[in-house]
Amino acid sequence: MKQLVLLVSIWIGFNQLFAQIPTTIPIETSQNALVLHIDKDNRVGVAYFGKKLRQNSEYEILAKSLKYNDNNAGIYNSIYTPSGSWNLVEPALEILHADGNTSSDLKLVSYSTQKIDENVSQTNILLRDPVYATEVTLSFKVYFKENVIEQWSSIKNQEKSGILLKKYASANLYFVAKDFYLHHYHGSWAKEMKPEDTKLTAGIKTLDSKLGTRANLYQPPTFMLSFDRQATEDEGKVLLGTLAWSGNFKIDFEKDSYDNLRLLAGINPHASEYSLTPNEEFRTPSFIYTYSENGQGEASRNMHDWARKYRILDGEGNRLTLLNNWEATYFDFDENKLTSLFKGAKDLGVDMFLLDDGWFANKYPRNGDTAGLGDWQENKKKLPNGIGYLVKEATKAGVKFGIWVEPEMVNPKSELYEKHLDWVIREPNRPEVYFRNQLPLDLANPEVQDFVFGVLDDLFTKNPELAFIKWDCNAVTYNAHSMYLERIKKPQTHLYVDYVKGLYSVLKRIRAKYPKIPMMLCSGGGGRVDYEALKYFTEFWVSDNTDPMERIFMQWEYSYYYPAIAQCNHITDWSKVGIKFRTDVAMMGKMGYDIVVNKLDEKELLFSQNALKNYANLKQTIWHGDMYRLVNPFENQMASVQFVSNKKDQAVMFNYLVDNRYDLNSLLSNTKLKGLDASKKYKIKEINVYPGTKSSINEETIYSGEYLMTIGINPNLSHRRTSVVLEINEVK
Ligand code: GLA
């Protein structure tokens with residue numbers, strides 16, 4: 001490996017000395033290429049991003065034909081744009097050097113590609129400032145088959161004393177197209193993932209968060225970028241990208257004076273200047289992206305395949321169906337009430353009972369959201385026999401037992417706050433500002449990390465049969481000040497970054513000791529999900545909003561980035577619509593319940609029991625199959641999504657009416673299926689049929705895959721059939 005680096009370095013030197021020929025570094029997936037070129041001054045820029053060429057020697061021709069030749073343009077396409085020297089656009093890197101100088105430049109030292117296995121390889125590009133010794137390594141991890149690139153940078157202080165990183169992007173890319181269209185999101189509590197489409201114009205469009213904890217509450221770091229024209233589900237060029245970081249992020253899209261697009265993605269530099277002592281290295285989070293020339297659907301399936309195989313904890317494994325007590329009881333429960341709910345879980349047919357918020361704290365009991373957070377001892381009044389008793393009773397009732405925690409947070413009304421004010425993120429000179437009556441603990445502090453680890457470790461040690469954790473995080477960060485950083489004389493501007501690093505270090509410890517226990521990532525809904533956190537979590541809570549009509553749209557948007565196996569969808573009483581509609585909508589992800597089972601009438605219970613059986617039969621296809629979006633609810637009166645098993649012998653099609661206007665029937669025509677085997681024969685059966693009603697779908701007809709994908713079928717949605725689930729099986 002070292003030899004290869006040396007050879008490449010010598011070759012670069014030789015090249016520059018004699019031939020002055022620009023050379024290229026192709027970074028290729030099975031379909032696409034990111035081609036970098038090295039110019040005559042040894043600077044590295046993006047020569048090409050798009051569909052790969054069969055002969056990669058032709059990238060040399062392409063690189064030579066680049067005509068970025070006015071004074072500044074040579075740096076527009078920089079693969080990591082330095083600031084303070086000749087660059088005049090948004091930089092990737094800004095450094096205050098040890099001597100107080102603010103200028104940087106970066107030139108290639110060496111590069112190498114290492115094969116990690118048959119499918120994965122990593123290219124590292126080492127850049128150095130010709131004047132200052134600071135080094136930057138750009139890493140591109142390529143997942144060949146999935147067409148995914150994971151990219152990050154590592155900045156190493158090689159100077160004689162400390163430097164200050166003022167900006168330190170993970171990725172800096174460059175795209176050439178006629179126009180660029182950005183599909184991005186905004187939202188808030190119970191309103192996650194509201195999409196917007198923007199044609200990018202001159203200047204910078206920024207997606208960012210400054211919320212600290214729960215960073216994605218208003219905006220997630222996920223987006224789709226279409227080239228030339230707005231990509232659709234099955235057509236068009238589109239990059240689907242996301243930053244794997246559970247804190248403040250910033251993603252800039254800058255159109256340059258050539259009308260090309262510069263992309264910079266990374267940690268938000270806002271209030272986050274980071275100091276590095278000599279020899280210290282800072283690794284930025286990963287920017288993860290995939291590209292397709294066949295539309296958003298293919299891009300999302302690339303991401304799903306990658307996420308299940310390489311990222312989400314146990315992404316290729318199984319999940320538990322569950323009954324949660326949050327909406328059923330809120331804080332108002334005791335031991336008897338809970339144990340009486342276990343039977344409901346068993347009757348329904350789920351795998352597990354999940355005890356939510358309200359089980360802990362004694363001096364300031366957790367009977368509402370104003371007190372008790374931080375005091376993780378069972379509340380003696382509500383649970384005189386402790387969690388251990390509940391676990392035993394649940395097991396007796398035939399279900400597993402899981403529990404809710406929110407270990408990063410504290411209520412001012414708690415013993416923890418009284419004992420450890422120094423552990424709380426707060427501005428000592430200012431009044432405290434609360435979000436849901438609470439404050440985050442300072443995870444930059446190793447003692448706090450131990451405490452948070454201890455909350456989980458204690459629960460597992462005392463209750464080895466505990467089967468599941470719901471890890472919540474309900475407050476943003478106000479008054480971002482750390483007494484710990486003050487004590488160790490580090491800049492306060494480390495807090496946002498060190499908090500997230502502290503969180504990951506706790507999660508790593510938990511996973512080292514408890515590698516398999518499923519954990520749900522929750523943040524007052526979906527305020528935190530990202531692909532770094534999902535290394536440690538098996539699933540995430542999409543939103544507290546469980547109104548099925550809202551969920552159709554939210555789940556649709558989340559589904560571009562995260563596979564169904566990771567999306568927790570619960571059937572609750574939030575909405576008054578019938579249980580069938582609620583169930584059919586929840587089924588397109590990881591299904592669960594948050595209802596009082598004994599309030600269901602006979603038909604509702606029977607329907608739910610059957611739905612769970614249907615889910616058991618289809619869950620492998622939903623969790624591990626390919627997802628196809630058939631009819632977009634944002635543009636139509638219905639939504640339709642489909643999952644197809646890997647062998648293409650089973651599929652399921654979910655259809656939902658989203659618009660109840662008069663004369664609807666005549667407007668709804670056939671829906672074409674996707675992803676089946678054209679030459680296979682299939683039969684279609686309607687499932688989740690409500691007791692006492694009849695399906696209008698003929699189960700006996702045999703269709704070819706070709707027919708279903710060319711002509712399609714009509715699920716017969718109507719005012720009386722507002723949701724229809726169809727199971728499609730190969731006839732052998
Ligand atoms: C958050 C979660 C809910 C529930 C409550 C408990 O809002 O999103 O599901 O756990 O906290 O306080």
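The values are calculated or read from the model by the stated rules, or taken from the named source; none is laboratory data. Worth saying up front: this structure is predicted, and the values here are computed from it rather than measured. With ideal geometry, Cβ positions are generated from the backbone for all residues, glycine too; neighbour counts draw on all protein chains shown.
In the range 677-688, the count of residues that are charged (D, E, K, R), part of a loop (DSSP other than H, G, I, E, B) and loosely packed, with under 15 Cβ neighbours inside 10 Å is zero. Within the range 689-709, residues that are outside the structural domain of Val724 (by TED's automatic domain parsing) reach no partner that is part of a loop (DSSP other than H, G, I, E, B) with beta carbons closer than 7 Å at six or more positions or on different chains. Screening Gly525 with (1) within 16 Å of the ligand (Cβ to nearest atom); (2) within 21 Å of Arg301 (Cβ to Cβ) gives one miss only, at (2). For the range 407-430, the set of residues classified as without any contact (Cβ under 8 Å) to a residue 40 or more places away in the chain and of a type in the set (Asp, Glu) consists of Glu418 only.
Kindly indicate the residue of the range 655-675 that is within 28 Å of the chain's Cα centre (by Cα) and not in a strand (DSSP E or B) and also surrounded by the fewest Cβ atoms within 10 Å (Cβ to Cβ) among those meeting that condition. Can you show your working first?
Filtering the range 655-675 for residues within 28 Å of the chain's Cα centre (by Cα) gives 655-658, 673-675.
Then keep just the ones that are not in a strand (DSSP E or B); that gives 658, 673-675.
On the way: Val658: 16, Leu673: 26, Lys674: 20, Gly675: 19.
Out of the qualifying residues, it is Val658.
Here is a yes/no grid of residues against (1) closer than 30 Å to Ser275 by Cβ; (2) in contact with a His (Cβ under 7 Å, 6 or more places away or on another chain); (3) buried (at least 18 other Cβ atoms within 10 Å of the Cβ); (4) without any contact (Cβ under 8 Å) to a residue 40 or more places away in the chain:
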residue: Gly50; (1), (2), (3), (4): no, no, yes, no
residue: Ser57; (1), (2), (3), (4): no, no, no, yes
residue: Thr81; (1), (2), (3), (4): yes, no, yes, no
residue: Leu88; (1), (2), (3), (4): yes, no, no, yes
residue: Leu106; (1), (2), (3), (4): yes, no, yes, no
residue: Asn124; (1), (2), (3), (4): yes, no, no, yes
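Yes/no per residue for (1) within 20 Å of Ser340 (Cβ to Cβ); (2) within 16 Å of the ligand (Cβ to nearest atom):
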{"site": "Lys381", "(1), (2)": "yes, no"}
{"site": "Pro384", "(1), (2)": "yes, no"}
{"site": "Leu390", "(1), (2)": "yes, no"}
{"site": "Glu393", "(1), (2)": "yes, no"}
{"site": "Gly398", "(1), (2)": "yes, no"}
{"site": "Gly402", "(1), (2)": "yes, yes"}
{"site": "Glu406", "(1), (2)": "no, yes"}
{"site": "Met409", "(1), (2)": "no, yes"}
{"site": "Leu416", "(1), (2)": "no, no"}
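Is it true that Lys141 is of a type in the set (Lys, Arg), under 25 Å from Lys237 (Cα atoms) and part of a loop (DSSP other than H, G, I, E, B)? Spelling it out, it is not the case that Lys141 is of a type in the set (Lys, Arg), under 25 Å from Lys237 (Cα atoms) and part of a loop (DSSP other than H, G, I, E, B). Considering Glu447, Glu465, Glu486, the condition of being over 19 Å from His420 (Cβ atoms) and modelled with pLDDT of 95 or more is satisfied by Glu465 alone.
So, in the range 319-351, of the ones that are within 17 Å of Phe540 (Cβ to Cβ) and surrounded by fewer than 21 Cβ atoms within 10 Å (Cβ to Cβ), which residue ends up nearest to the ligand (Cβ to nearest atom)?
At the first step, the residues of the range 319-351 found to be within 17 Å of Phe540 (Cβ to Cβ) are 319-322, 324, 326.
In the following step, the residues that additionally are surrounded by fewer than 21 Cβ atoms within 10 Å (Cβ to Cβ) were identified as 320-321, 326.
On the way: Leu320: 17, Thr321: 17, Trp326: 5 Å.
Ranking the qualifying residues of the range 319-351, first place goes to Trp326.
Pairs meeting the criteria (first residue in the range 385-397 and within 15 Å of Asp351 (Cα to Cα), second residue basic (Lys, Arg), beta carbons under 7 Å, at least 6 apart or on different chains) are Ala394/Lys400; Ala397/Lys343; Ala397/Lys346.
Here Glu532 meets the list (1) of a type outside the set (S, T, N, Q); (2) within 16 Å of the ligand (Cβ to nearest atom); (3) within 25 Å of Leu240 (Cα to Cα) almost entirely, failing just condition (2). Taking the range 608-627 as the range and being of a type in the set (Phe, Trp, Tyr) and either assigned to a loop (DSSP other than H, G, I, E, B) or touching a helix residue (DSSP H, G or I) at 6+ places or on another chain (Cβ under 6 Å) (or both) as the test, only Trp623 passes. Might you let me know whether the range 291-313 holds any residue that is modelled with pLDDT under 95 and either within 16 Å of the ligand (Cβ to nearest atom) or under 30 Å from the mean Cα position of the chain (by Cα) (or both)? Scanning the range 291-313 turns up no residue that is modelled with pLDDT under 95 and either within 16 Å of the ligand (Cβ to nearest atom) or under 30 Å from the mean Cα position of the chain (by Cα) (or both).
Scan the range 496-516 and tell me whether some residue there is within 16 Å of the ligand (Cβ to nearest atom), outside any loop (DSSP other than H, G, I, E, B) and either in contact (Cβ under 8 Å) with a residue 24 or more places away in the chain or surrounded by fewer than 23 Cβ atoms within 10 Å (Cβ to Cβ) (or both). Give the steps one after another, and end with the answer.
Let us first name the residues in the range 496-516 that are within 16 Å of the ligand (Cβ to nearest atom), namely none.
No: zero hits.
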